[in-house]
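One structure is given here, and the rest of the page talks about it.
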Amino acid sequence: ASFLLLCFRTSLVASLILGLLLQAPLTQLSMVTQPNIVLLMADDLGIGDVGCYGNDTIRTPNIDCLAKEGVKLTQHIAAAPLCTPSRAAFLTGRYPLRSGMDAINNYRVIFWNGGSGGLPPNETTFAKILQQQGYSTGLIGKWHQGVNCESRNDHCHHPLNHGFDYFYGMPFTLISDCQPTETPEMDRAFRRKLWLSTQMIGLVTLTAALGRLTGLISVRWKMVTCLVGLSLLFFLSWFSSYGFVRYWNCIMMRNHEVTEQPMVTDRTTSLILRESISFIERNKHKPFLLFVSFLHSHTPLLTTEKFLGRSSHGLYGDNVEEMDWMVGQVLDAIDKEGLKNTTLVYFASDHGGWLERQEGRRQLGGWNGRYRGGKAMGGWEGGIRVPGIFRWPGVLPAGTVIDEPTSLMDIYPTVVHLAGGVLPQDRVIDGRDLMPLLRGTVEHSEHEFLFHYCGIHLHAVRWHQKDSGAIWKAHYVTPVFRPLGAGACYDTGVCPCFGEGVTHHDPPLLFDLSRDPSEAKPLSADTEPHFDTVIRKIGRAIEEHRRTLIPVPEQLSLYNIVWKPWLQPCCGTFPFCWCDREGDN
């Protein structure tokens, strides 16, 4: 009996020792399958502005190093050519019109912090899934997906309601109005019309009053009083919003608290960098997701004195070089904490560079290389083809270049699968997991078709014919460039999606991007034997795609985009909204 008891004790100890020996590798494996994830997104950066994509005059050594140490995508496509819809697609893995985040009118982005539109609370972002998987999740920088729905403090569209544990940055987007020395940018043409209308009403009122005083015009004082009241009411109705853009939109928040109103632009860059590095340091002992959403390189191109005058491309080039330095600082923080080999780093831009953004002879927008078009153009490559770089040492092969169609929406399923999460089953996810392609275990992207929208209007479709290597692209609608022959809409500053400013093509313009990436030579039935077959194939794909669309509330409707005082974030008692809590600290 004692012998049996001894054997039992020996086997029990052996089992415990074996279990402990096996536990370490399992723990190590779970750490590897839940890497830290750092997503770096530039704002309005053109694909032609980066060294590793062919620019030899703007210095971007840190971004170039990322590409050298990782995988560079040469056909990385934004789901929309503007900030709000592109970022909504990035966060949800879905075309923005599925969530109501693409426009039916000319107001194609979130226009006010005090608007009621934004990323719907029922959308599931990748941050929310990673949060459920035990990740610490942080967003530093630009949001531009709305703040409130019905009251000033409901924060229904806020990052903290979409899976982020921590937020520091702008709930809106950087605009020239944020810089007192710059010419106002927001709704510039509409503001001019409002000023003109106010002056005309005022002139009518003044004429009536003078006519009554001199007896030249037979008008009652009651009518003059009504005109005065109408003039004041009209003026206040628009000046209460547009007259205080810097206070209403140019604010900084930490979580739900407004910290600067208006923001102090001289220190914004240093604060965003400090917060990014601090988040890494605070969360180094557990898996984390950090989304650094740069304010660079959007106008007014906030650039610190250290970088002014350094590039050969004026203020825009200086701004891009400063952003590259910021990328380097974030990467250094990852290295310093010993996290390089357990961290997936991704760099991209939200859409193409803004060709029309100029002040006099100064070019303040980006360059899209050999690709036609730019920001706000739903179909042309220059508006939607962006840099896309991944680095994960020991997992992704260094120095790899992939020329397969990929999308910013692909980040969603990629990071969800890496975190061990499950994709939502109650909705269409348009993104595809990129890890097999990035690791080289498959040759082709899972995308056969990509649909290129301008607002809710389908402008173009891309078909990747994998058996032949052709990448067909059919344009059904294109913007009318003005002046004629120019490469952008310089007359209006932004190309429209519909109306007189676009041309409809039947049959569509067809290009083979594998032979003509600049979209310079449209094909026809006479020059391309497969023309009719390709157009029919793409047409059937459009029909199938449209069957997957269901009606949803329009987040960018006129009602949702207008400024509502009761929704305006305010660090004081409205309307006395001004503070500098960073300065107080």
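Data table
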quantity	calculated
Solvent exposure, largest accessible area first (probe 1.4 Å, DNA, RNA and ligands not counted), of TRP221, TRP238	TRP221, TRP238
Net charge contributed by nearby residues that have their C-beta within less than 15 Å of CYS226 (K/R +1, D/E -1)	+3
Charge dipole (debye, nearest 20) of the stretch 386-527; +1 at Cβ of Lys and Arg, -1 at Cβ of Asp and Glu	320
Relative contact order, percent, the stretch 383-487 [alpha-carbon distance under 8 Å, six or more residues apart]	17
Label zone at THR181 (point 7 Å along Cα-to-Cβ), backbone N below 16 Å, the stretch 248-281	264-269
Relative contact order, percent, the stretch 257-414 [alpha-carbon distance under 8 Å, six or more residues apart]	17
Over the chain, relative contact order from alpha-carbon pairs under 8 Å, at least 6 apart, %	26
Helical contribution to [θ] at 222 nm, DSSP H n ≥ 4, -39,500 (n - 2.57), averaged over the chain, rounded to 500	-10500 deg cm²/dmol
Computed magnitude of the charge dipole of the chain (debye, nearest 20; Cβ of K, R +1, Cβ of D, E -1)	940
Contour minus Cα-Cα distance for SER557 and ARG188 (0.36 nm per residue)	130.9 nm
For the stretch 263-284 versus the stretch 78-154, the gap between their alpha-carbon centres in whole angstrom	22
Positive-end residue, the chain charge dipole about Cα centroid, Cβ charges, pick of MET377, SER151, VAL534	SER151
Area accessible to solvent at TYR490, 1.4 Å probe radius, in Å²	100
Residues with amide H under 5 Å from that of LYS564, placed H, sequence gap 5 or more	GLY114, GLY115
Derived scalar couplings ³J(HN,Hα) [the stretch 367-374; Karplus, 6.51 cos²θ - 1.76 cosθ + 1.60; whole Hz; x for Gly, Pro]	10, 10, x, 7, 8, 6, x, x
Distance (nanometres) between label positions extended 7 Å along Cα→Cβ at ILE550 and THR304	4.9
14 Å cut-off, amide nitrogen to a point 7 angstrom out along SER237 Cα→Cβ, residues in the stretch 554-573	563
Proximal lysines relative to LYS286, as straight alpha-carbon distance under 29 Å, when same-chain residues fewer than 8 apart are discounted	LYS68, LYS72, LYS128, LYS142, LYS336, LYS340
Charge dipole (the chain, unit charges on Cβ, about Cα centre) - positive-most of CYS83, THR214, THR492	THR214
Under the span-like rule (Cα at least 20 Å along the axis, Kyte-Doolittle mean at least 1.0), DSSP H helices of the chain	2-33, 221-242
Cβ-derived FRET efficiency at R0 60 Å, LEU196 paired with HIS417, nearest 0.05	0.65
Those residues of the stretch 284-299 whose amide nitrogen sits under 20 Å from the label point placed on LYS336, 7 Å along Cα→Cβ	284-294
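The values are calculated or read from the model by the stated rules, or taken from the named source; none is laboratory data. Everything numeric here is computed off the predicted structure, so don't read it as measured data. Note that each Cβ is placed from the backbone with ideal geometry, even for glycine, and that neighbours are counted across all protein chains shown. For accessibility, only protein heavy atoms count, side chains too; no ligands or nucleic acids. Shrake-Rupley method; radii C 1.70, N 1.55, O 1.52, S 1.80 Å.
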